[in-house]
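We did not get these values from a lab; they are worked out from the coordinates using the rules stated. If you're wondering where the values come from, they're calculated on a predicted model, not measured in any experiment. Here Cβ is always computed from backbone atoms with ideal geometry, including for glycine, and neighbour counts include all displayed protein chains.
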Amino acid sequence: MNAEALRALVAEAMLAPSVHNVQPARWRIVDSVTIDLFEDVRTRLSVGDPRGNDAGISLGAAAEGLRIAASRMGLALETHAAPTQTDAALVPVARFLVIEAGIPPDVLAAQVATRASWRCGFAMSSLTDRADVQHLSGPDCAVISDPAALTEAAHLYDAASYGYMRDHAFRAELRSWMRFTPGHPRWNRDGLNAAAMALGRVEAIGASVVLGSAFGVLDWCGVAPGLLAEGKKIVAATGVVVFHRSVGEAPFESGVAFYRLWLGIERAGFGAAVLAALADDPRAAQEIARMAGVPDGRRIVSAFRIGRRPVGGAIERARRSLDETLV
């Protein structure tokens, strides 16, 4: 294969989701058939992801993105052992050989270009929507759509999320990946910008203040929880999708399935936003597993609130340039 074709594969793989949109995947085109995947440890969330679980999920999603991209060209990937580490900042993850296979495009390939986290509100759900969302249930996916259960899930999420926000180090790390104004030098390259977070100009300024210098006072006054709460969006959603996998599964493998689930949600005509706190907080994870009927021996990897996007609704994603991602 020529270099431009391989660059095109990597460019599509870069559309995969990653926690806080930190995009830890780095790629090296070794020769005409070989692509190496690395983790850039400089993007690691030392407070929010100290064990690298979320990074592993993000890297698994990136690898699956490469495989889906290859399928568009009738190509397949052979996974080999990662190369030897030669750079302290780049941890080798895997080596892929691109082979001619004559296979059809992956059934989820059409959703790659349009998938994005939908942090705005959803259109009002119909009875048909609530019936359709149940079709997403599967061996590693449970759906909560009962209005009372959604209200309970909303309270769980807001409590768990605020618990993390009260940690100064967590809040500072989160702010470092937030882009509150278009003037930020990395506004459209990585992290969470105000547009992606569905914040208007005034709301973005307010969020910057609440999560910054004013948090202590607002927390002491008991005002901060209400200002940061997002539960009403969960209550208004068509459902909450609870994604669970085997307790012993490596995060990388969970990431492959995570990306495919998200693309499957899109293929079903729904938009989705990740509810990370429902998986990250032990108590919230235990409760949401109970509510969703998740069997023993499974762990909650993530959860989504989902619903129909309003007509014409779209979110522009922030992504690093291809040259910034290739090493």
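Per-structure values
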read-out	value
Taking I205, I306 and counting other C-beta atoms within 10 Å, the order from fewest to most	I205, I306
Sum of -39500 (n - 2.57) over DSSP H runs of 4+, divided by residues of the chain (222 nm, nearest 500)	-11500 deg cm²/dmol
Calculated log₁₀ intensity ratio I(q)/I(0) where the Debye formula runs over C-alpha points of the stretch 127-307, q = 0.09 Å⁻¹	-0.35
Neighbourhood net charge (10 Å Cβ-Cβ; Lys/Arg +1, Asp/Glu -1) for M291	-2
Separation of alpha-carbon centers, the stretch 226-253 and the stretch 56-71, rounded to whole Å	21 Å
Principal axis dimensions, largest first and in whole angstrom, of the chain by Cα	60, 44, 41
Order of V235, V91 - criterion: other Cβ atoms within 10 Å of each residue's Cβ, fewest first	V235, V91
R72, R305 arranged by Cβ crowding within 10 Å, fewest neighbours leading	R72, R305
At 1.567 mPa s and 4 °C, Stokes diffusion of the stretch 9-115 via Kirkwood alpha-carbon radius, µm² per second	91 µm²/s
